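K.L.:
Please find one structure pasted underneath; my questions will follow.
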Amino acid sequence: MTAPLEDILRAHIVAHGPMDVGAYMSLCLLHPEHGYYITRDPFGASGDFVTAPEISPLFGEMIGFWVADMWGQMGSPARWHLVELGPGRGTLMIDILRILSQMNGCAPTVHLIEASAKLRAVQRNELADRCSWHDDINAIPTDAPIIVVNNEFFDALPVRQYIKTADGIDEAVIGVCLDGRLQLGRVRASISLPDDFPMGRVVEISPARDNVAGQIYERIKNQGGAMLAIDYGYDQAPGASTLQAVRSHQKVNVLSAPGACDLTALVDFARLRALAVQAGLAAYGPVGQGAFLLQLGIAARLAKNAAQATKAQHDEMLMAMDRLCSPEKMGDLFKVLCVCQASPILTPAGFS
Ligand code: SAH
């Protein structure tokens, strides 16, 4: 017996032809009935993967200090919007708000953008009266400056994959084999690509990411403010598919269990940065998550949190900091990009 989503995908492909990788990704993650994020809370040791805010409150607290500093640099506005895209369990926002509540006069209106009703319910448990929920950035009021944060959000947005060949451009697609299995293949694409597109290499583009980034950038431009994006990604395209499926903390074949495993693609930070510059905004980074957190003073924060901790708790904090910051763990793979208003100039912490 196969998963219900696999049957739906197969029927769709048989009826309409091969499906591009982006459409596949999007249905696997957000199909209204069987999508991965629609049917479950995938986070934590017993789930499929662990994200930085779930490793330790230190992560969200450091982001909280970053946001507070930015708000101060923006002139400490009385009214402003704090927006998070793809908040998962809501842990990052809870930790950020704990830090902001210690700052005099720092009282944002908080907006969460979340596609999954199931995860919205988890977020509501802790954040019910402190936030409002929206489908997309268009619903955020336009009347005040805005600070946007997101962790492992852009990597969940669909990518399409193109390969330049000697006689044209192919797109990677999902088809159905004679025996009914889903299979990766290629079809001739009818798009044009820049001349410097490297021959024979897989190049990923993400109209969905470009679109969301564009909406955020327009808001920052019009309302003032900044975005902090933290994600699994690269500054230089690897020239190969970065589509990855994870289930129970293990990498699995991207076609093996549609809707039952997480699917992500590495974020092209150079692209997010270039779009920001094109929009007339300032961009900082990407820098490694480890360098960023260390520069923000995560070690000093740990020492403060550990003052009343037991030896076991202190050891746990040290292990968490190592996991978040060390280059062999999350410190280099995860990167941080800040995009902010160009004037007045802001100097985001953590990027020097
Ligand atoms: N930021 C969280 C969760 C990351 S997982 C953390 O670090 O723990 C990705 C999150 O983005 C999930 O909450 C998922 O439901 C949400 N998401 C994925 N695609 C989305 C979309 N197109 N619009 C809004 N939310 C989306």
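K.L.:
Within 20 Å of Ala23 (Cβ to Cβ), assigned to a helix (DSSP H, G or I) and of a type in the set (S, T, N, Q): which single residue out of Asn211, Asn138 fits that description?
P.N.:
Asn211
K.L.:
What is the residue count in region 85-131 for residues that are more than 17 Å from the chain's Cα centre (by Cα) and small (Gly, Ala, Ser)?
P.N.:
6
K.L.:
Right, something else. Exactly one condition in (1) over 21 Å from Phe292 (Cβ atoms); (2) within 12 Å of the ligand (Cβ to nearest atom) is false for Arg79; which is it?
P.N.:
(2)
K.L.:
Is it true that some residue in region 17-26 is assigned to a helix (DSSP H, G or I) and in contact with a Gly (Cβ under 9 Å, 6 or more places away or on another chain)?
P.N.:
Scanning region 17-26, I find at least one residue that is assigned to a helix (DSSP H, G or I) and in contact with a Gly (Cβ under 9 Å, 6 or more places away or on another chain), so the answer is yes.
K.L.:
Shifting gears a bit: Could you tell me which residue of region 227-265 is nearest to the ligand (Cβ to nearest atom), considering only residues that are polar (S, T, N, Q) and under 19 Å from the mean Cα position of the chain (by Cα)?
P.N.:
Looking at residues that are polar (S, T, N, Q) and under 19 Å from the mean Cα position of the chain (by Cα), I get Thr264.
K.L.:
Next up: When the residues of region 110-168 are filtered to those that are within 13 Å of the ligand (Cβ to nearest atom) and aromatic (Phe, Trp, Tyr), which remaining residue is nearest to Leu266 (Cα to Cα)?
P.N.:
Phe154
K.L.:
Find the residue count for region 320-352, including only residues that are touching a residue at least 40 places away in the same chain (Cβ under 8 Å) and either farther than 27 Å from Leu275 by Cβ or aromatic (Phe, Trp, Tyr) (or both).
P.N.:
Matching residues across region 320-352 total 6.
K.L.:
Right, here's the next one. Can Ala276 be described as surrounded by 19 or more Cβ atoms within 10 Å (Cβ to Cβ) and over 18 Å from Gly60 (Cβ atoms)?
P.N.:
Yes; evaluated as a whole, the condition is true for this residue.
K.L.:
Counting only residues that are at pLDDT 95 or above, within 8 Å of the ligand (Cβ to nearest atom) and assigned to a loop (DSSP other than H, G, I, E, B), how many does region 38-59 have?
P.N.:
1
K.L.:
Read through the list (1) touching a strand residue (DSSP E or B) at 6+ places or on another chain (Cβ under 7 Å); (2) among the aliphatic types (A, V, I, L, M); (3) outside any strand (DSSP E or B); (4) at pLDDT 95 or above, then give the number of the only condition that Ala299 fails.
P.N.:
In the conditions (1) touching a strand residue (DSSP E or B) at 6+ places or on another chain (Cβ under 7 Å); (2) among the aliphatic types (A, V, I, L, M); (3) outside any strand (DSSP E or B); (4) at pLDDT 95 or above, Ala299 misses (1) alone.
K.L.:
Let me ask something else about it. Checking the condition within 13 Å of the ligand (Cβ to nearest atom) and among the hydroxyl-bearing types (Ser, Thr, Tyr), which residue from Ser206, Ser190 passes?
P.N.:
Of Ser206, Ser190, the one residue that is within 13 Å of the ligand (Cβ to nearest atom) and among the hydroxyl-bearing types (Ser, Thr, Tyr) is Ser206.
Conditions tested, residue by residue: (1) surrounded by fewer than 20 Cβ atoms within 10 Å (Cβ to Cβ); (2) aliphatic (A, V, I, L, M).
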{"site": "His16", "(1), (2)": "yes, no"}
{"site": "Leu29", "(1), (2)": "no, yes"}
{"site": "Gly47", "(1), (2)": "yes, no"}
{"site": "Met74", "(1), (2)": "yes, yes"}
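K.L.:
Report yes if some residue within region 300-319 is loosely packed, with under 13 Cβ neighbours inside 10 Å and touching a residue at least 60 places away in the same chain (Cβ under 8 Å); otherwise report no.
P.N.:
No, that holds for no residue.
K.L.:
Still on this model: Tell me which residues, restricted to region 152-173, are part of a strand (DSSP E or B), buried (at least 21 other Cβ atoms within 10 Å of the Cβ) and of a type in the set (Val, Ile, Thr).
P.N.:
Val173
K.L.:
Given the criterion modelled with pLDDT of 95 or more and either over 30 Å from Leu9 (Cα atoms) or aromatic (Phe, Trp, Tyr) (or both), identify the matching residue among Leu243, Leu293, Leu255, Leu266.
P.N.:
Leu293
K.L.:
For Ala320, all conditions in the list (1) over 24 Å from the mean Cα position of the chain (by Cα); (2) closer than 20 Å to Phe65 by Cβ hold save one; what is the number of the exception?
P.N.:
The one condition Ala320 does not meet is (1).
K.L.:
While we're here: Kindly list the number of the only condition in (1) outside any strand (DSSP E or B); (2) crowded, with 18+ Cβ neighbours inside 10 Å that fails for Ile230.
P.N.:
Exception for Ile230: condition (1).
K.L.:
Would you call Met19 within 15 Å of the ligand (Cβ to nearest atom) and touching a residue at least 12 places away in the same chain (Cβ under 8 Å)? Write out each step before concluding.
P.N.:
Working: within 15 Å of the ligand (Cβ to nearest atom): no; touching a residue at least 12 places away in the same chain (Cβ under 8 Å): yes.
So Met19 does not fit the description; no.
K.L.:
So, one more: Kindly indicate which of Gly90, Gly35 is within 15 Å of the ligand (Cβ to nearest atom), surrounded by 20 or more Cβ atoms within 10 Å (Cβ to Cβ) and within 19 Å of Asn125 (Cα to Cα).
P.N.:
After ruling out the rest, the residue left standing is Gly90.
K.L.:
Out of the residues in region 169-180 meeting the condition of being touching a Leu at 6+ places or on another chain (Cβ under 8 Å) and within 21 Å of Ile8 (Cβ to Cβ), tell me which one is nearest to the ligand (Cβ to nearest atom).
P.N.:
It comes out as Ile174.
The values are calculated or read from the model by the stated rules, or taken from the named source; none is laboratory data. Computed from a prediction, not measured in an experiment: that's the story for all the values here. All Cβ positions, glycine included, derive from the backbone under ideal geometry; neighbour counts span all protein chains shown.
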